[in-house]
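Report on the following structure.
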Amino acid sequence: MTQFDLTEDQRAIQEMAQRFTADAITPHAAEWDEKHIFPRDTIRAAAELGFGGIYVSEESGGIGLGRLEAALIMEAMAYGCPSTSAFISIHNMGAWMIDRFGAQAVKDKYLPDLVPMARMASYCLTEAGAGSDAAALKTKAVRDGDHYVVTGSKQFISGGGENEVYLAMVRTGEDGPKGISCLVIEKDMPGVSFGAQERKLGWHSQPTAQVNFDGVRVPVENLVGAEGEGFRIAMMGLDGGRLNIGACSLGGAQRCIDESVRYTKDRKQFGQSIADFQNTQFTLADMQTELEAARTLLYAAAVKVSDNAPDKTRFAAMAKRFATDTGSSVADRALQLHGGYGYLMDYPIERIWRDLRVHSILEGTNQVMRMIVARDMLR
């Protein structure tokens with residue numbers, strides 16, 4: 001990236017993702033939402049373009065792109081369906097953690113199936129009693145010879161019950177972050193079970209369920225990183241996840257703006273298009289200006305995460321907070337510009353409004369993002 005623009009290669013990646021979205025996602029997203037369809041075939045088609053291993057290294061079969069390129073892909077796909085784009089982001093976070101921190105044995109075991117999304121990955125950190133205070137997690141893994149015996153439950157897991165691979169943060173040692181390790185657990189290991197599918201406000205195109213571990217025997221070779229490194233690995237994964245979820249908000253909000261421009265030009269009231277009213281123009285101008293500001297911050301943060309800059313975590317937190325709050329605000333104003341029609345499922349606005357709302361909660365709430373930024377400022 002030159003200082004304020006994308007390179008030719010980045011534009012080519014963005015355009016490829018936009019074309020895929022226009023063909024394979026946008027025409028079907030409303031049906032997926034209404035009927036709660038998990039579009040597994042479409043997701044696998046995205047993986048054929050390399051989108052199942054966006055920042056998995058080329059040596060491991062991925063396409064080895066940076067975090068800005070990943071954000072461009074997520075933003076493009078979210079223009080059609082934020083829920084489906086976010087699901088692909090979470091899978092990428094899991095695949096990257098294995099590639100970046102796993103020993104060769106665990107990479108060889110899982111990445112050949114994860115990159116083409118023949119098997120899909122979930123990220124398992126949150127528990128019923130450990131949300132924002134993730135380091136208080138209770139799921140326990142006790143070493144027994146060549147296995148860990150895992151007992152506990154994970155809450156709000158995207159892909160829960162459908163995905164084949166679960167990267168679970170488990171307690172192998174003392175209380176607090178230093179006692180946490182990361183294990184790869186498979187869906188069909190004895191003792192793995194799932195709660196009922198959660199009934200959600202949005203994100204209807206992806207499954208979400210509690211994941212339960214009842215004395216699951218997991219081979220020691222499925223450890224990602226060393227014992228006690230799990231929390232650090234989980235947090236590094238979240239830097240990228242926060243960028244991606246922010247990018248999903250950018251894509252969904254841009255769709256809302258574009259739909260609003262079309263609608264306000266067509267809609268007539270008091271003898272003229274409502275786009276001719278100054279109030280409408282001021283609202284549209286503010287929506288686009290705020291979104292461009294969020295986009296610029298997010299792209300800058302993505303470059304910092306790719307470059308492993310010392311302030312990468314602060315920037316990822318600022319960008320996630322700003323992009324997701326802005327995305328929700330833009331979608332809300334778009335719904336208002338559509339009036340009563342914005343409330344109907346005939347238009348995509350209400351779906352995107354629902355899908356974007358959760359972005360300020362997951363991958364760390366936006367209140368926690370403020371804590372991360374302030375602590376870094378005051379350190």
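The values are calculated or read from the model by the stated rules, or taken from the named source; none is laboratory data. Quick caveat, the model's predicted, so the values are computed rather than measured. Every residue, glycine as well, gets a Cβ built from its backbone with ideal geometry; the counts of neighbours run over all protein chains shown. The protein model used for the area step is the full one, side chains on, heavy atoms only, and it has no ligands, DNA or RNA in it. Shrake-Rupley method; radii C 1.70, N 1.55, O 1.52, S 1.80 Å.
The figures follow:
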item	result
Test: residue in the stretch 251-263 that is among the hydroxyl-bearing types (S, T, Y), buried (at least 21 other Cβ atoms within 10 Å of the Cβ) and not in a helix (DSSP H, G or I)	no
Output for the stretch 199-224, where each listed residue is touching a Gly at 6+ places or on another chain (Cβ under 8 Å) and either surrounded by fewer than 20 Cβ atoms within 10 Å (Cβ to Cβ) or closer than 30 Å to D33 by Cβ (or both)	Q206, P207, T208, A209, Q210, V211, N212, D214, G215, R217
Selected residue (criterion: most open to solvent (accessible area, probe 1.4 Å)) from residues of the stretch 358-379 that are outside any helix (DSSP H, G or I) and charged (D, E, K, R)	R379
The one condition in (1) closer than 21 Å to E164 by Cα; (2) surrounded by 21 or more Cβ atoms within 10 Å (Cβ to Cβ) that I37 fails to fulfil	(2)
Test: residue in the stretch 127-135 that is of a type in the set (D, E), in contact with a helix residue (DSSP H, G or I) (Cβ under 7 Å, 6 or more places away or on another chain) and open to solvent by 40 Å² or more (accessible area, probe 1.4 Å)	no
The one condition in (1) buried (at least 16 other Cβ atoms within 10 Å of the Cβ); (2) within 22 Å of the chain's Cα centre (by Cα); (3) assigned to a loop (DSSP other than H, G, I, E, B) that M236 fails to fulfil	(3)
Selected residue (criterion: nearest to R255 (Cα to Cα)) from residues of the stretch 326-357 that are in a helix (DSSP H, G or I) and open to solvent by 50 Å² or more (accessible area, probe 1.4 Å)	W353
Matching residues, the stretch 54-75, being open to solvent by 10 Å² or more (accessible area, probe 1.4 Å) and within 13 Å of the chain's Cα centre (by Cα)	R67, E75
Unmet requirement for N279, which otherwise passes all of (1) open to solvent by less than 40 Å² (accessible area, probe 1.4 Å); (2) free of Cβ contacts under 8 Å to residues at least 40 places away in the same chain; (3) closer than 20 Å to G342 by Cβ	(1)
Wholly enclosed strands (runs of 3 or more DSSP E) of the stretch 127-203 bearing at least 3 residues free of Cβ contacts under 8 Å to residues at least 60 places away in the same chain and under 19 Å from A226 (Cβ atoms)	180-186
Any hit, the stretch 303-320, residues being within 30 Å of V261 (Cβ to Cβ), in a helix (DSSP H, G or I) and among the aromatic types (F, W, Y)	no
Matching residues, the stretch 282-301, being of a type outside the set (S, T, N, Q) and either exposed (fewer than 14 other Cβ atoms within 10 Å of the Cβ) or touching a Pro at 6+ places or on another chain (Cβ under 7 Å) (or both)	F282, A285, D286, E292, A293
Any hit, the stretch 78-93, residues being more than 16 Å from E363 (Cβ to Cβ), at pLDDT 95 or above and of a type in the set (A, V, I, L, M)	no
Sole exception among (1) in contact (Cβ under 8 Å) with a residue 40 or more places away in the chain; (2) more than 25 Å from S132 (Cα to Cα) for A317, by number	(2)
Odd one out for V106, checked against (1) open to solvent by less than 20 Å² (accessible area, probe 1.4 Å); (2) in a strand (DSSP E or B); (3) farther than 30 Å from R370 by Cα	(2)
